[in-house]
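Novice: Let me give you the structure first, and then I'll get to my questions.
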Amino acid sequence: MKLFEKNGLRAYQFESFDSLSIKHGVFTRLGGVSDGIWQSLNLAGTVGDDKEAVKKNHELLFSAFGEPLSSRFDVWQVHGTQIHFADAPRPPEQKHKPGDAIFTDKPNITLTMRFADCVPLFFHDPVKNVIGLVHAGWLGTMLNIGQVAIKAVTERYGSNAADLKVGIGPSICGQCYEVGEDVLTRFDKYWKKDYQRFFRPHGNKFLLDIPAANEFTLRQAGVVNIEQSNICTAENLDEWYSYRKEKGLTGRFAALIALRGEKNE
């Protein structure tokens, strides 16, 4: 990934994505106004941080991204497989709909999600001019949310998996993500033998490589163009929030993507 900084905020972009047709970024925790355990660019309003600080962080985020805050479309991420298609930004007064995948083919919308160890999946279909974001924790990964999303955009927009470009953003890595036998058992039920390559024993628990697991499911669905960030959130607390490493006492960083058009050149 390549780094860019603006207005004191730091973000990373996938080198394989076409910057002429889309704009995107995974923003680090740096450059915001939050204090304490949420320092500093926390974008989550439900983790105990000051509401005004979170609001200011959103304003700073969108200013650095170069889009109006009014272009935002986001959802309440619930670790499921619900897909939402955005034809307009989410009105500020409208409650978040539950979901873990959002897509659009409209250039006046900035898709936004929040993370702190789970895997951000960035989608771009340069043929159908479609973009998307997917939130994949261990449960979403087990439920093959990447494949569910591909099936949805194929049906909705006529996308072809082979045309898609997918970026796998910063998340907890396979050296740091410890899970119990209950998680392994559930993967065994859903994935059968395929799950074994992504788990390895670690004391009386297991280490799960969810970035690799998501890449596997995407390739199984026919995606060829995949870029891994190879950035671990738990190993780089200076830049990222990590729910596991910080024992739940932390904020959330943001992933944004938008189509370039008349309003956002």
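The values are calculated or read from the model by the stated rules, or taken from the named source; none is laboratory data. Source: prediction; values computed, not measured. Every residue, glycine as well, gets a Cβ built from its backbone with ideal geometry; the counts of neighbours run over all protein chains shown. The accessibility values were calculated without ligands, DNA or RNA, using every heavy atom of the protein model including side chains. Shrake-Rupley method; radii C 1.70, N 1.55, O 1.52, S 1.80 Å.
Novice: Within the range 69-101, track down each residue that is farther than 23 Å from Gly146 by Cβ, hydroxyl-bearing (Ser, Thr, Tyr) and open to solvent by 20 Å² or more (accessible area, probe 1.4 Å).
Specialist: Ser70
Novice: In this structure, does Leu256 turn out to be under 23 Å from Phe115 (Cβ atoms) and in a strand (DSSP E or B)? Walk me through it before giving the result.
Specialist: Values: under 23 Å from Phe115 (Cβ atoms): yes; in a strand (DSSP E or B): yes.
Spelling it out, Leu256 is indeed under 23 Å from Phe115 (Cβ atoms) and in a strand (DSSP E or B).
Novice: Turning to a different aspect of this structure: Inspect the range 46-60 for any residue being touching a Gly at 6+ places or on another chain (Cβ under 8 Å), assigned to a loop (DSSP other than H, G, I, E, B) and touching a residue at least 60 places away in the same chain (Cβ under 8 Å) and give the result as yes or no.
Specialist: Yes, the range 46-60 contains a residue that is touching a Gly at 6+ places or on another chain (Cβ under 8 Å), assigned to a loop (DSSP other than H, G, I, E, B) and touching a residue at least 60 places away in the same chain (Cβ under 8 Å).
Novice: Being farther than 18 Å from Gly167 by Cα and open to solvent by less than 10 Å² (accessible area, probe 1.4 Å) is the filter here; which residues of the range 22-53 pass it? Don't jump to the end; show me each part of the working.
Specialist: If we filter the range 22-53 for residues that are farther than 18 Å from Gly167 by Cα, which is where we start, we get 29-53.
Result: Ser34, Leu41, Asn42, Leu43, Ala44.
Novice: Which one is nearest to the chain's Cα centre (by Cα), of the residues in the range 107-156 that are of a type in the set (D, E, K, R) and either more than 22 Å from Ile172 (Cα to Cα) or crowded, with 24+ Cβ neighbours inside 10 Å (or both)? Walk me through it before giving the result.
Specialist: The initial filter retains those residues of the range 107-156 that are of a type in the set (D, E, K, R), namely 114, 117, 125, 128, 151, 155-156.
Pick out the ones that are also either more than 22 Å from Ile172 (Cα to Cα) or crowded, with 24+ Cβ neighbours inside 10 Å (or both) and you get 117, 125, 128, 151, 155-156.
On the way: Asp117: 10, Asp125: 17, Lys128: 21, Lys151: 18, Glu155: 22, Arg156: 21 Å.
Residue satisfying both the conditions and the ranking: Asp117.
Per-residue answers, yes or no, for (1) in contact with a helix residue (DSSP H, G or I) (Cβ under 6 Å, 6 or more places away or on another chain); (2) in contact (Cβ under 8 Å) with a residue 12 or more places away in the chain:
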| position | (1), (2) |
| --- | --- |
| Ala116 | no, yes |
| Phe123 | no, yes |
| Leu133 | no, yes |
| Ala136 | yes, yes |
| Thr141 | yes, yes |
| Glu155 | no, no |
| Asp163 | no, yes |
| Val179 | no, yes |
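Novice: Quick one: which residue in Phe206, Phe216, Phe199 is touching a Leu at 6+ places or on another chain (Cβ under 6 Å) and free of Cβ contacts under 8 Å to residues at least 24 places away in the same chain?
Specialist: Values: Phe206 fails: free of Cβ contacts under 8 Å to residues at least 24 places away in the same chain; Phe216 fails: touching a Leu at 6+ places or on another chain (Cβ under 6 Å).
The conditions single out Phe199.
Novice: Could you tell me which residue of the range 219-228 is nearest to Thr28 (Cα to Cα), considering only residues that are in contact (Cβ under 8 Å) with a residue 40 or more places away in the chain and surrounded by fewer than 20 Cβ atoms within 10 Å (Cβ to Cβ)?
Specialist: Filtering the range 219-228 for residues in contact (Cβ under 8 Å) with a residue 40 or more places away in the chain gives 220-228.
Next, from what is left, pick out any that are surrounded by fewer than 20 Cβ atoms within 10 Å (Cβ to Cβ): 220-222, 224-228.
Values: Gln220: 30, Ala221: 30, Gly222: 31, Val224: 27, Asn225: 24, Ile226: 21, Glu227: 19, Gln228: 17 Å.
The extreme case among them is Gln228.
Novice: Out of the range 237-264, which residues are touching a residue at least 40 places away in the same chain (Cβ under 8 Å), closer than 19 Å to Gly174 by Cα, out of contact with any Lys or Arg (no Cβ under 9 Å at 6 or more places or on another chain) and not small (Gly, Ala, Ser)?
Specialist: Selection gives Arg244, Lys245, Glu246.
Novice: Going by what's in this entry, would Ser19 be described as surrounded by 13 or more Cβ atoms within 10 Å (Cβ to Cβ) and either within 13 Å of Ile257 (Cα to Cα) or in contact (Cβ under 8 Å) with a residue 24 or more places away in the chain (or both)?
Specialist: On the way: surrounded by 13 or more Cβ atoms within 10 Å (Cβ to Cβ): no; either within 13 Å of Ile257 (Cα to Cα) or in contact (Cβ under 8 Å) with a residue 24 or more places away in the chain (or both): yes.
No, not satisfied.
Novice: Follow-up question, since we're still on this one. Just one of (1) surrounded by fewer than 23 Cβ atoms within 10 Å (Cβ to Cβ); (2) more than 16 Å from the chain's Cα centre (by Cα) trips up Cys173, so point out which.
Specialist: (2)
Novice: Another question about this same structure. Given the criteria surrounded by fewer than 14 Cβ atoms within 10 Å (Cβ to Cβ) and at pLDDT 95 or above, does Glu178 qualify?
Specialist: Numbers: surrounded by fewer than 14 Cβ atoms within 10 Å (Cβ to Cβ): no; at pLDDT 95 or above: yes.
In short, no.
Novice: Continuing with the same structure: Answer with yes or no whether Val33 is part of a loop (DSSP other than H, G, I, E, B), at pLDDT 95 or above and over 18 Å from the mean Cα position of the chain (by Cα).
Specialist: On the way: part of a loop (DSSP other than H, G, I, E, B): yes; at pLDDT 95 or above: yes; over 18 Å from the mean Cα position of the chain (by Cα): yes.
Spelling it out, Val33 is indeed part of a loop (DSSP other than H, G, I, E, B), at pLDDT 95 or above and over 18 Å from the mean Cα position of the chain (by Cα).
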